[in-house]
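Some notes on the structure that comes next.
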Amino acid sequence: MRVMITGAGGFVGRHLQPLLKKQGWDMLATGHDTLDIMDSSAIRRVLKDYEPDAIIHLAAQSKVGASWEQPEHTAEVNILGSVKLYAEFVQQNPQGKFLYIGSSDVYGITAKKENKLTEDMPCAPQNPYSISKLAAEQMLLQMARKYKTKVICTRSFNHYGPGQNRGFVVSDFASQLAEIKLGYREPAIYVGNLTAKREFIYVDDVAEAYITLLAEKNADGIYNVAAGSPTGIEFILKSLLEIASIDVEIRVDEKKLRPVDIKAFCGSNVKLSCLGWKPKTSLQEGLRKTFDYWLRRCQGEHESGNCP
Ligand code: A2R
Ligand code: GDD
């Protein structure tokens, strides 16, 4: 199988590439620098040259927090970019498989009412990011009906691990603790809402889920990529503090509090598990790997004078 990835230079893309190679599939990894998904003629050129059997579409403005500051950009890249990419792909390869990487955040306030979110429940997104991810998902599913093609849409729950940038909760906490541990920052950590609960899946397990979906001949429609149980943000902080083994003052940064923040997400992974996927990395192991990564990264940032 010839697989093309968009957003390959991002967090998931960098973890997915070696795993796809291990799978023995031919791969074209396009990053923001090599293919702008807003540029239809560039997309057309790349598709003509490579002729993929499948696309894994990761490229996005992926930060919920940033989407409040940049709603227009978020809508453009996440909705329009996805539609442009699919529209070109369906022309080039009507038999091809399109794997759209979406978000569990699309469930929005439904998460308040349901114990376990399943793919058939209604969506009620509450921020510009998740609205854009749902709009793209629905556009693609309806276009797939028209063209009678295969579009698989994930609703991926929170992922974390080495290589994720700041702007997501685990990396925001781990990066600050690493800086404190290395003596580059006073012993105080700035946090947002600690009362929320999210499902956290280690990034390699997320990548394995995408490979499972692509490998499965009959996969079609929407799939939760969920750990199966939620973890409190406060617990994440406590766990990282134990791993870092330092005493710090915890300060709430008002700027990190969001206009709307869903209290808890808990997803059912039954549909995906039926295809043989299950997460392998424990939270403790994943957080430890992430903290070690941030120790190395912060050291490098300070030595090169590249501190954010
Ligand atoms: O914005 P950059 O330069 O960091 O590049 C990001 C890239 N990207 C684009 N690529 C092509 N054309 C564009 N117009 C464009 N805009 C952004 O997508 C980045 O390299 C990549 C997304 O990677 P991350 O932000 O690290 O997201 P992550 O965690 O890998 O998530 C993958 C997917 C996304 O669709 C999320 O919405 C979903 O999983 O949860
Ligand atoms: N980012 C961040 N930084 N969030 C914090 C912080 C902080 O310092 N402190 C507390 N939080 C809280 C947020 O308010 C939210 O309740 C929770 O931690 C998780 O925030 P994020 O890591 O930013 O993730 P998200 O749930 O908003 O969105 C992520 O998950 C989606 C899947 O549900 C992103 O990875 C999306 O791309 C993804 O689709």
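The values are calculated or read from the model by the stated rules, or taken from the named source; none is laboratory data. Treat the numbers as computed from the prediction; the structure is a model and nothing was measured. Methodologically, a virtual Cβ is constructed for each residue, glycine included, from the backbone with ideal geometry; neighbour enumeration extends over all protein chains shown. SASA here: full protein model, heavy atoms, side chains in, ligands and nucleic acids out. Shrake-Rupley method; radii C 1.70, N 1.55, O 1.52, S 1.80 Å.
A few comments on the model shown:
- Think of a 1.4 Å ball rolled over the protein heavy atoms: the chain then has 46 Å² of accessible area per residue.
- Estimated 222 nm signal from helices in the chain, with DSSP H stretches of n ≥ 4 weighted -39500 (n - 2.57), rounded to 500: -13000 deg cm²/dmol
- Efficiency of FRET between residue 32 and residue 215 - r from beta-carbon atoms, R0 30 angstrom, step 0.05: 0.65
- Multiplying each eigenvalue of the alpha-carbon gyration tensor of the stretch 164-308 by 5 and taking the square root yields semi-axes of 31, 18, 13 Å, largest first, rounded to whole angstroms.
- Over the stretch 237-302, the fraction of Cα-Cα pairs per 10 Å bin, rounded to whole percents and listed from the shortest bin up, is 14, 27, 38, 19, 3.
- Summarising the label geometry, the points placed 7 Å from Cα in the beta-carbon direction at residue 235 and residue 109 lie 2.7 nm from one another.
- With all protein chains in place and a 1.4 Å probe, the accessible surface of the chain carries 50 percent carbon and sulfur.
- Expressed per residue, the C-alpha convex hull volume of the stretch 20-104 stands at 113 Å³.
- P(r) weight above 24 Å for the chain, C-alpha pairs, percent: 53 percent
- Inverting the pair-averaged 1/r between distinct Cα atoms of the stretch 162-225 gives 14.7 Å as its Kirkwood hydrodynamic radius.
- 10 Å-binned pair-distance histogram of the stretch 76-190 (Cα, whole percent): 13, 32, 27, 18, 8, 2
- Using distinct alpha-carbon pairs, which all enter the 1/r mean, Kirkwood radius of the stretch 2-156 in Å: 15.9 Å
- Extension gain for residue 45 to residue 145 (0.36 nm times residue separation, less C-alpha to C-alpha distance): 33.5 nm.
- Extension gain for the segment residue 273 to residue 254, taken as residue separation times 0.36 nm less the Cα-Cα distance, is 2.9 nm to one decimal.
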